[in-house]
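Novice: Have a look at this one.
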Amino acid sequence: MKYLAAALLGASALIAVVALASPAQPDKPVWAAAQAARTEQLKLLETLVNIDSGTGDAAGGRKVEAVLIPLL
């Protein structure tokens, strides 16, 4: 489950780097959608990384699942 949180964080960081490094104007609808979802996504990321779900921690994995399944 930590890998999922790391992937979410990595994807967010990649989007930020690409947006900042790109000399061209970002695609306005996509940028607006990303900005609109930013607060909610950061709250989700915070929730996930605050769940103790190390390798082999089945109870922690179930807690992460309980957060993500309704969203998927």
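Novice: With θ set to phi - 60° and the Karplus curve 6.51 cos²θ - 1.76 cosθ + 1.60, what are the ³J(HN,Hα) couplings of segment 47-60 in order, to the nearest whole Hz, using x for Gly and Pro?
Specialist: Couplings: 4, 5, 6, 8, 8, 6, 9, x, 3, x, 8, 4, 5, x Hz.
Novice: Right, another one. What does the extension gain come out to for T47 and K28, with contour length at 0.36 nm per residue minus their alpha carbon separation? Could you put the intermediate results ahead of the total?
Specialist: On the way: separation 19, 0.36 × 19 = 6.84 nm, distance 2.89 nm.
So the extension gain works out to 4.0 nm.
Novice: So between T39 and L72, what do we pick up on full extension, going 0.36 nm a residue minus the alpha carbon distance? Show your work: numbers first, answer last.
Specialist: Values: separation 33, 0.36 × 33 = 11.88 nm, distance 1.82 nm.
10.1 nm is the gain from fully extending T39 to L72.
A short reminder: the numbers here are calculations on the coordinates, not readings from a lab. What you see is a predicted model; the values in this text were computed from it and never measured.
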